[in-house]
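Accompanying notes for the structure given below.
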Amino acid sequence: MFVAANWKMNLDKKLIFEFSKHLNTFKFSSKVEACIFPPMTYVDYLNSLISNLPISVGGQNCHYKKSGAYTGEVSPLFLKDTGCKYVIIGHSERRILNHETNDEIKLRAQSAINSNLKVVLCVGESLIDHEKGSALKFVEEQLLESLPNNFENLLIAYEPIWSIGTGKIPSVNDIEDMHQHIKKFIFEKTNKKVKVLYGGSVNLENINNILNIVNVDGVLIGGSSLNVKDFLAIYSAAVKHLDKF
Ligand code: PGA
């Protein structure tokens, strides 16, 4: 079970320091893995504050080149060097606002894996595709075009675009079908099993319902991860969920 916190472009040094104070008094479980994705500028700082805790730190994106004339970009090697274990690739905000295509996302994911990072590859359909009933097909296409060539260090995050930051989430059946579809599709193509996280408006109210869905291997939390109490409560819900088995 994996609980990932995508802070996006939020929380400054002072707030990160406060956040980490709470983390340092919390009792983490070995059953649930956690990773925080802070703004790039604070990767090193956060890492230094929580290096004694069983939580990883990750980057919110990385470039496909390892070095060179790419102003404003971040090399996967630098993420690794500053202590990152994971990197998010292909988040819908990057796809939409930075025009990252599936081809580019594939290159970024591959380069991150080659740099010994674990990749959380995001996929998810728009509201139009959801309403047309073509979500499965759309995500299948994204996977087909953006999957890297090795899968050992790959997780998928299913994040319907219309659910991100809106408070709306798909039905239990839709999440279950999508996660099953993603796993089946990747297994048929590669003979490998991947973990699939759900992301999009995960909060304290819906976490238990989401965790109860078959084939949900964890969550990628945005807004609710900015408040340390909510983040830790969601984490605790995941621990409790596993204790049931
Ligand atoms: P949200 O964001 O939880 O605020 O909807 C999730 C994400 O974009 O990863």
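Residues in the stretch 116-131 that are surrounded by 22 or more Cβ atoms within 10 Å (Cβ to Cβ) and either part of a helix (DSSP H, G or I) or out of contact with any Leu (no Cβ under 7 Å at 6 or more places or on another chain) (or both): 3 in all. Kindly establish whether Ile113 is open to solvent by 60 Å² or more (accessible area, probe 1.4 Å) and assigned to a helix (DSSP H, G or I). Answer is no for this residue.
Yes/no per residue for (1) among the basic types (Lys, Arg); (2) open to solvent by 60 Å² or more (accessible area, probe 1.4 Å):
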residue	(1), (2)
Asn10	no, yes
Lys13	yes, yes
Ile16	no, no
Ser30	no, yes
Val43	no, no
Leu49	no, no
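For the stretch 51-64, residues that are surrounded by 18 or more Cβ atoms within 10 Å (Cβ to Cβ) and in a loop (DSSP other than H, G, I, E, B) total 5. Please pick out the residue among Leu226, Leu232 that is farther than 26 Å from Leu147 by Cβ, touching a residue at least 60 places away in the same chain (Cβ under 8 Å) and away from the ligand (no atom under 15 Å from the Cβ). None of the other options fit; the residue is Leu232.
So, Ser201, is that one part of a helix (DSSP H, G or I), open to solvent by less than 40 Å² (accessible area, probe 1.4 Å) and of a type in the set (Ser, Thr, Tyr) or not? When the stated conditions are applied, Ser201 does not pass them. Output the residue which, of all residues in the stretch 148-198 that are of a type in the set (S, T, N, Q) and in a loop (DSSP other than H, G, I, E, B), is nearest to the ligand (Cβ to nearest atom). The extreme case among them is Thr166. Among the residues of the stretch 121-162, just one is acidic (Asp, Glu) and in contact with a strand residue (DSSP E or B) (Cβ under 7 Å, 6 or more places away or on another chain), namely Glu159.
Against the test of being open to solvent by less than 40 Å² (accessible area, probe 1.4 Å) and of a type in the set (S, T, N, Q), the options Ser134, Ser67 yield a single qualifying residue, Ser134. The single condition among (1) open to solvent by 20 Å² or more (accessible area, probe 1.4 Å); (2) closer than 25 Å to Lys85 by Cα; (3) touching a residue at least 12 places away in the same chain (Cβ under 8 Å) that Asn98 does not satisfy is (3). Among residues of the stretch 128-149 that are closer than 20 Å to Ile88 by Cβ, those with a beta-carbon under 7 Å from a residue that is acidic (Asp, Glu) at least six positions away or on a different chain give the pairs Phe138/Glu125; Phe138/Asp129; Val139/Glu125; Glu145/Asp103.
Restricting Gln180, Gln142 to residues that are at pLDDT 95 or above, over 24 Å from Val57 (Cα atoms) and open to solvent by 70 Å² or more (accessible area, probe 1.4 Å) narrows the list to Gln180.
The values are calculated or read from the model by the stated rules, or taken from the named source; none is laboratory data. Quick caveat: nothing in here was measured; it's all calculated off a predicted structure. Cβ coordinates were reconstructed from backbone atoms using ideal geometry, including for glycine residues, and neighbour counts include every protein chain displayed. Note: accessible area is taken over every heavy atom of the protein model, side chains too, but ligands, DNA and RNA are not part of it. Shrake-Rupley method; radii C 1.70, N 1.55, O 1.52, S 1.80 Å.
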